[in-house]
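The values are calculated or read from the model by the stated rules, or taken from the named source; none is laboratory data. It should be emphasised that the depicted structure is a prediction, and the values quoted were computed from it without experimental measurement. Cβ placement follows ideal geometry from the backbone for every residue including glycine, while neighbour counts extend to all protein chains displayed. SASA here: full protein model, heavy atoms, side chains in, ligands and nucleic acids out. Shrake-Rupley method; radii C 1.70, N 1.55, O 1.52, S 1.80 Å.
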Amino acid sequence: MKFFSCLMALLLFLLQAVPGLGLPKDTLRCVGYHGFCFRSKSCPEPFAAFGTCSWRQKTCCIDTTSNFHTCQDEGGHCVPAEINCLQEQVGFCPHRKWKCCTEV
């Protein structure tokens, strides 16, 4: 029983010590794009909605005044990596492995 208690204490310590280990996938994706999680369904100015956080209970908001630009902001289309683009565009897509294309 004492061994089990020590093992659980070590596990809890590791979950708190390693950043991002206990966060949901949608929250990690939001933070990866330098986003912030808001409780409201709409983002305050100057933020724009960019998905969800906390198991779809919060909204991921991205600062539009920074040099972060989504693919749609730049006039592109997000496509899976398997699709060949005639012309690629600079811009972020909601799915990290997708790419931004002006023409498919």
If you take the residues of the stretch 53-77 that are at pLDDT below 75, outside any helix (DSSP H, G or I) and touching a Gly at 6+ places or on another chain (Cβ under 8 Å), which of them is least open to solvent (accessible area, probe 1.4 Å)? T70
Please specify each residue of the stretch 84-104 satisfying the condition of being modelled with pLDDT of 85 or more and open to solvent by less than 60 Å² (accessible area, probe 1.4 Å). C85, K99, C100, C101
Matching residues, the stretch 24-44, being of a type in the set (A, V, I, L, M, F, W, C) and open to solvent by 80 Å² or more (accessible area, probe 1.4 Å): V31, F36
Only one of A49, A81 is open to solvent by 50 Å² or more (accessible area, probe 1.4 Å), in a strand (DSSP E or B) and among the hydrophobic types (A, V, I, L, M, F, W, C), namely A49
